[in-house]
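Presented below is the structure to which this report refers.
Please treat every number below as a calculation from the coordinates, not as lab data. Source: prediction; values computed, not measured. FYI the Cβ positions are ideal-geometry reconstructions off the backbone, even for glycines, and counts take in every protein chain you see.
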Amino acid sequence: MGPGPSDVAPRVLASLARPTIGHLDPLFVALMDEIKELLQYAFQTSNELTLPISAPGSAGMEACFVNLLSPGDTAIVCQNGVFGGRMRENVERCGATAIMVEDDWGKPVDPQKVEAALKEHPEASVLAFVHAETSTGTRSDGAALCKLGHEHDTLVIMDTVTSLGGIQLKVDDWGADAVYSGSQKCLSCVPGISPVTFSPRAVERIQARNHKVQSWFLDMQLVMGYWGGDSKRAYHHTAPVNALYALHETLVILKEEGLENAISRHSRNHRALVAGLEAMGLKMAVAEAWRLPQLNSVCIPEGVDDAQVRSRLLRDFDLEIGAGLGALAGKTWRIGLMGHASRERNVILCLNALETALKAEKFSLESGAAVQAATDFYQSL
Ligand SMILES: Cc1ncc(COP(=O)(O)O)c(C=O)c1O
């Protein structure tokens with residue numbers, strides 16, 4: 001129950017053991033077509049250029065930046081946590097200029113500041129933001145930010161590593177142009193795969209480039225030769241065949257449950273966890289409207305030893321929760337309820353375990369109140 005990787009479903013683990021076939025085998029090509037369709041469903045898009053990059057979320061991030069930026073370009077980058085900072089690194093390594101729009105960690109990206117930056121920098125060709133900041137457990141308003149980007153004629157890059165499959169994410173309705181995610185969060189697949197999708201506008205920008213993409217591996221014009229979908233698929237790199245079996249199985253499970261049902265399940269378990277944490281006397285770190293149900297940031301109470309609590313949970317309960325990152329290190333815990341791990345059983349386990357660990361720290365609480373509050377919540381539904 002950390003910030004990812006989340007628990008992988010047994011069906012997905014079993015799929016990894018299927019025989020490894022060639023990455024151009026007709027059966028594998030059929031599986032690639034299915035993966036593309038299933039990813040289009042997960043992202044809620046009809047973008048043709050939708051595929052899993054054979055590398056983790058950071059490679060998906062890099063794929064978006066290196067393909068859409070050239071030296072001398074300007075990008076507006078929103079930062080309200082760790083991953084906005086990684087975006088800036090990407091922009092600068094493309095030889096472009098990053099105009100930073102900063103918000104406090106634990107607060108959403110402020111659309112008014114973004115609008116002001118877009119007005120001040122009409123030369124910007126890209127707006128980039130993190131939809132679900134894993135470092136703080138904060139959601140930003142994806143629809144509003146994409147709209148602003150379009151009003152000011154920029155392409156919009158959106159990080160959905162932690163949002164895909166856990167909260168509403170509507171790539172086409174919002175008009176996001178380059179979107180990347182990760183396999184290891186709400187999809188609950190093995191780590192190391194990054195689903196990406198590019199809008200027709202983004203593809204046009206890629207095709208009009210007159211400066212070679214600095215990364216051979218992530219150059220979408222080359223990757224399209226393998227994932228492009230026509231009959232002339234050509235070798236680009238050896239795809240991680242078994243990891244893609246796992247991604248396929250994961251996406252089939254998501255389709256079987258239904259995206260809306262998966263989103264409701266994340267919300268329900270989050271609300272039960274919050275009811276329990278508050279009954280224990282703990283405070284959430286993020287305002288209710290912007291909390292991520294899949295990643296719950298909790299303030300560490302005064303006098304409680306962060307590391308002691310986390311190591312007790314791991315040692316005595318086999319339970320991992322995340323530490324705060326960057327500006328929030330030592331101030332918050334991050335409790336994941338992602339994908340397959342977003343279950344009532346885990347909520348109750350976590351509340352019980354945390355209660356025991358906090359009692360050992362002499363934190364004063366009412367025994368049993370947390371589990372009772374979560375149970376009452378489930379029963380009220
Ligand atoms: C919001 C966000 N973006 C990007 C990444 C990078 O993904 P990866 O660690 O799979 O490279 C992460 C990883 O946790 C993330 O949470």
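Counting only residues at least eight positions apart within a chain, or on another chain, the lysines with an alpha carbon under 24 Å from that of LYS113 are LYS147, LYS170.
About the Cα centre of the chain, what is the dipole size in debye to 20, counting +1 per Lys and Arg Cβ and -1 per Asp and Glu Cβ, all else neutral?
Details: 34 positive and 45 negative charges, 114 e Å.
The dipole of the chain has a size of about 540 debye.
In this structure, the amide hydrogen of LEU319, modeled 1.01 Å from its nitrogen in the peptide plane, lies closer than 5 angstrom to those of LEU314, counting only residues at least 5 positions away or on a different chain. The distance between label points at GLN372 and GLU89 comes to 4.8 nm (points 7 Å beyond Cα on the Cα→Cβ vector). When the chain is described by a simple charge dipole with +1 on each Lys and Arg Cβ and -1 on each Asp and Glu Cβ, the residue from TYR180, GLY137, VAL241 located farthest towards its positive end is VAL241.
When you count the other C-beta atoms within 10 angstrom of each residue and take the mean per peptide, 330-336, 296-302 line up highest first as 330-336, 296-302. The label-point distance for ASN210 and LYS147, in a model that sets each label 7 Å from Cα toward Cβ, rounds to 3.7 nm.
From the convex hull of the Cα coordinates of the range 171-298, what is the mean projected area in square nanometres?
Numbers: hull surface 44.0 nm².
With the hull built on Cα positions only, its mean projection is 11.0 nm².
Which of the peptides 249-256, 159-166 is most tightly packed, and how do the rest follow, going by the mean number of other Cβ atoms within 10 Å of each residue? Intermediate values should be presented prior to the final figure.
Details: 249-256: 19.0, 159-166: 28.0.
Order by mean packing, descending: 159-166, 249-256.
Note on the range 7-111: with charges restricted to the Cβ of Lys and Arg (+1) and Asp and Glu (-1), its dipole about the Cα centre is near 260 debye.
Taking a span of 18 Å or more along the helix axis (Cα atoms) and a mean Kyte-Doolittle hydropathy of at least 0.0 as the rule, the DSSP H helices of the chain that qualify are 26-43, 241-257, 344-360. About its Cα centre, the dipole of the range 133-183 is roughly 180 debye, where the only charges are +1 on Lys and Arg Cβ and -1 on Asp and Glu Cβ.
Between ALA234 and GLU361, the modelled label-to-label distance comes to 5.8 nm, taking each label 7 Å out from Cα in the direction of the beta carbon.
Sorting PHE129, PHE28 from the fewest to the most surrounding beta carbons within 10 angstrom yields PHE28, PHE129. Counted by neighbouring Cβ atoms within 10 Å, the residues LYS36, LYS362 run from fewest to most as LYS362, LYS36. When peptides 92-101, 171-180, 133-142 are sorted by average Cβ neighbour count within 10 Å, with the highest value leading, the order is 133-142, 171-180, 92-101. The distance from the alpha carbon centre of the range 130-209 to that of the range 92-124 is 16 Å, rounded to a whole number.
Once the piece of chain linking GLU120 and GLN379 is laid out straight, how much longer is it, given 0.36 nm per residue of separation minus the C-alpha distance between them? Don't skip to the answer; put the middle values down first.
Details: separation 259, 0.36 × 259 = 93.24 nm, distance 5.20 nm.
Stretched fully, the GLU120-GLN379 segment lengthens by 88.0 nm.
Extension gain for the segment ASP104 to SER267, taken as residue separation times 0.36 nm less the Cα-Cα distance, is 56.2 nm to one decimal.
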